[in-house]
Amino acid sequence: MRAFYYDHYTFPLKEGHRFPSAKYRLLREKVIKDQILSEAELLVPTTVTRQQLLRVHTPDYVHRFENGLLTKEEIRRIGLDWSPQLVTRIQHVVGATIAVCRVAIRDGIALSLGGGTHHACTDHGQGYCLYNDIMVGIRTMQAEGRIKSAVVIDCDVHQGNGTAEIAAGDSSVYTFSIHGEKNFPFRKIASDWDIGLPDGTEDEAYLGALETAVSQIINAQKPDFVVYLAGADVHENDRLGRLKLTKSGIRQRDEMVLSKCQAAGIPVAVLMAGGYGKNLNVMVDVQAQTVKVVKSFS
């Protein structure tokens, strides 16, 4: 299996950020230490190009973000202070997703140790999301003639509003989000199918709803490609999640989604998406479990 990562800690975020940037370094260290992936299986991607970004985002937004011209309100909405390092960081994150999509289409499955920035909309970022790597990846694959249609299976605890906004009216991209209904974003943009769950939802109810939806979507859409957001923020330890899935429940979630895609012969790009654990090591352990599950399908 090929997995892609970016050394986020080489370009650290400013002190005081709430975003848990250390998790990327810790996740990479853990998957190597636990021999889930070897050094040879971990690849550093090239950066996204401007042409690739402009398939999804407006020229004005790309220009202003990359040149530090966003307003204070726009920066507040994103939740991260602007810096040239932040620009470099997200360019590599999106580059990793594009690389993962290409390899997944060729080999059947591939994974990024980051990605899943699903709140970024056409002309603005929000909720720690600067560019929408999911849609840049899909649109790039379509432009390169590798796929015609795609499904986004978004299992991050937060609704994928940016992906829904960008894909709206595009029949070649089907968006699905299962999330906490009362959680961020509070003004949601409708996906093709949304399942909003109440606070405190546990394994059985979550997995039942997800299995029904994934089966129906795959059978009805018959996509060429799936992008799967395997958010760890549904875990009971997450400080922003408000759902109560166990580590075992998340493993069952990952296995179920991937097995249904594999059975249908659909290649899958897996993105790690959110995770804001009260205990950082617990969260990294959950994400490493997802990597292990993906590895078992390769």
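Annotations for the structure displayed:
- Test: residue in the stretch 131-141 that is more than 26 Å from Q216 (Cα to Cα), modelled with pLDDT under 95 and within 16 Å of the chain's Cα centre (by Cα): no
- In the stretch 54-80, of all residues being charged (D, E, K, R) and over 21 Å from the mean Cα position of the chain (by Cα), the one that is surrounded by the fewest Cβ atoms within 10 Å (Cβ to Cβ) corresponds to K72.
- Complete set of residues in the stretch 181-217 that are aliphatic (A, V, I, L, M) and within 20 Å of C121 (Cα to Cα): I189, A190
- Qualifying position, being in contact (Cβ under 8 Å) with a residue 12 or more places away in the chain, open to solvent by 20 Å² or more (accessible area, probe 1.4 Å) and closer than 25 Å to M141 by Cα, among R89, R50: R50
- In the set (1) in contact (Cβ under 8 Å) with a residue 40 or more places away in the chain; (2) on the phi < 0 side of the Ramachandran plot, the condition left unmet by T71 is number (1).
- The residues listed here are A110, A104; of these, the one that is in a helix (DSSP H, G or I) and modelled with pLDDT of 95 or more is A104.
- Scanning the stretch 201-228 for residues that are open to solvent by 70 Å² or more (accessible area, probe 1.4 Å), of a type in the set (D, E) and assigned to a loop (DSSP other than H, G, I, E, B) gives a single hit, E202.
- Within the set V151, V157, the sole residue that is under 19 Å from A104 (Cα atoms) and open to solvent by less than 10 Å² (accessible area, probe 1.4 Å) turns out to be V151.
- Among the residues of the stretch 115-131, not a single one is of a type in the set (F, W, Y), in a loop (DSSP other than H, G, I, E, B), open to solvent by 40 Å² or more (accessible area, probe 1.4 Å) and at negative phi.
- Just one of the numbered conditions (1) out of contact with any helix residue (DSSP H, G or I) (no Cβ under 8 Å at 6 or more places or on another chain); (2) assigned to a helix (DSSP H, G or I); (3) under 21 Å from G160 (Cα atoms); (4) open to solvent by 60 Å² or more (accessible area, probe 1.4 Å) is not true of R242: (2).
- Number of the exception - D170 against (1) among the acidic types (D, E); (2) open to solvent by 10 Å² or more (accessible area, probe 1.4 Å); (3) farther than 26 Å from R64 by Cβ: (3)
- Selection within the stretch 2-25: residues that are surrounded by fewer than 20 Cβ atoms within 10 Å (Cβ to Cβ) and hydrophobic (A, V, I, L, M, F, W, C). The member of this set that is modelled with the highest pLDDT is A22.
- Apart from one condition, E165 fits all of (1) open to solvent by 10 Å² or more (accessible area, probe 1.4 Å); (2) within 26 Å of I75 (Cα to Cα); (3) part of a loop (DSSP other than H, G, I, E, B); the exception is (3).
- Top-ranked residue in the stretch 255-280 [being part of a loop (DSSP other than H, G, I, E, B) and touching a Phe, Trp or Tyr at 6+ places or on another chain (Cβ under 8 Å); ranked as surrounded by the most Cβ atoms within 10 Å (Cβ to Cβ)]: P267
- Flag for Q252 being in contact (Cβ under 8 Å) with a residue 60 or more places away in the chain, of a type outside the set (A, V, I, L, M) and open to solvent by 50 Å² or more (accessible area, probe 1.4 Å): no
- Against the conditions (1) of a type outside the set (G, A, S); (2) open to solvent by 10 Å² or more (accessible area, probe 1.4 Å); (3) part of a helix (DSSP H, G or I); (4) touching a Gly at 6+ places or on another chain (Cβ under 6 Å), I98 satisfies every one except (2).
The values are calculated or read from the model by the stated rules, or taken from the named source; none is laboratory data. The structure displayed is predicted, hence computed values, not measured ones. As a convention, Cβ positions derive from the backbone with ideal geometry for all residues, glycine included, and neighbour counts pool all protein chains shown. In case anyone asks, the SASA skips ligands and DNA or RNA and just uses the protein heavy atoms, side chains included. Shrake-Rupley method; radii C 1.70, N 1.55, O 1.52, S 1.80 Å.
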